[in-house]
Amino acid sequence: MSKITTNYIMNLLFENDIFYFQPKQLSVLLGINMNKIYDIIHKLKNHKVIYEIENGKYLVTGYDKKRILSNPYYIATNCVVPSYVSYWSMLNYYGFTEQVPRIILVATTKQKKEIHFDHYLFKYVHIKKEKLYGYTKEVIDSLPMFLAEKEKTLIDSIDLPQYAGGIKEVAKCISNAIDSINKKKLIGYARRFPNRSMISRLGYLFEQNGVDLKELSKFKSISFVLLNQKKPRSNTWNKKWSINVNEDV
């Protein structure tokens, strides 16, 4: 078909918000059988408008390959949909930590193996669909990407501190974030979160920074939880938030 030009394919992909595809997906989109689709992919690779980021899986770069390949958040969140950057990556993005993670940490409801790309490592953290909220679509340098909001970044990091440098590092980040977050939004997001242990830790850690989230106290864990899940129980207890304080924060 004469209309199946590189420009036509690029326009069709972008019109359908397809930034990452496998051969079968392209076959369906173009209405072309699989016998011919590999020839088309070969042509697109020669024209340098797609990039094979994984075996048999292609990132759409268009005619601005350098700009796109230099934007890891765009690549990471378009390789898996739905997904959003969070945890230590966003703690650094918002300036809550000076630590610079070597891994791009992405939350997603899908099972996805990590991707080694260039000098980046994309780590996909599998979460329940009930936790998939609190992120926004940001367009940076004309590239769409999905990033956790400040409040959800803190919640995600308290929920899974192993992806945020550990609970002690998360506590430092909360101290740095206090003046820049929306308390009402934080409470709303926390109430929606399907984990009472996270709410207990959240309430305790914020109280250590002089912020009383008393609105969340009725949603705390019924039983006592360890502040640091990686350390043994201590003899110090916080009844208000049902926390065994086994970490000095």
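The values are calculated or read from the model by the stated rules, or taken from the named source; none is laboratory data. Only a predicted model underlies this, so the values are computations on that prediction, with no experimental measurement involved. Cβ atoms come from the backbone with ideal geometry, glycine included; neighbour counts cover every protein chain shown.
Count of segment 190-249 residues, restricted to those that are over 23 Å from Glu130 (Cα atoms) and basic (Lys, Arg), is 6.
The residues of segment 98-116 that are touching a helix residue (DSSP H, G or I) at 6+ places or on another chain (Cβ under 7 Å) and either outside the structural domain of Ala190 (by TED's automatic domain parsing) or part of a strand (DSSP E or B) (or both), listed by number, are Ile104, Leu105, Val106, Ala107.
Within segment 122-144, how many residues are buried (at least 16 other Cβ atoms within 10 Å of the Cβ), modelled with pLDDT of 95 or more and not β-branched (Val, Ile, Thr)?
Of the residues in that region, 6 qualify.
The residues of segment 166-180 that are part of a helix (DSSP H, G or I) and of a type outside the set (S, T, N, Q), listed by number, are Ile167, Lys168, Glu169, Val170, Ala171, Lys172, Cys173, Ile174, Ala177, Ile178, Asp179. Note on segment 199-249: residues that are of a type in the set (A, V, I, L, M, F, W, C) and assigned to a loop (DSSP other than H, G, I, E, B) total 8. For segment 187-198, a tally of residues being among the polar types (S, T, N, Q) and part of a loop (DSSP other than H, G, I, E, B) returns 1. No other residue among Val125, Val170 is touching a strand residue (DSSP E or B) at 6+ places or on another chain (Cβ under 6 Å) and in contact (Cβ under 8 Å) with a residue 24 or more places away in the chain apart from Val125. So, of the residues in segment 121-165 that are in a helix (DSSP H, G or I) and charged (D, E, K, R), which turns out to be farthest from Phe14 (Cα to Cα)? Applying the filter and picking the extreme gives Asp159.
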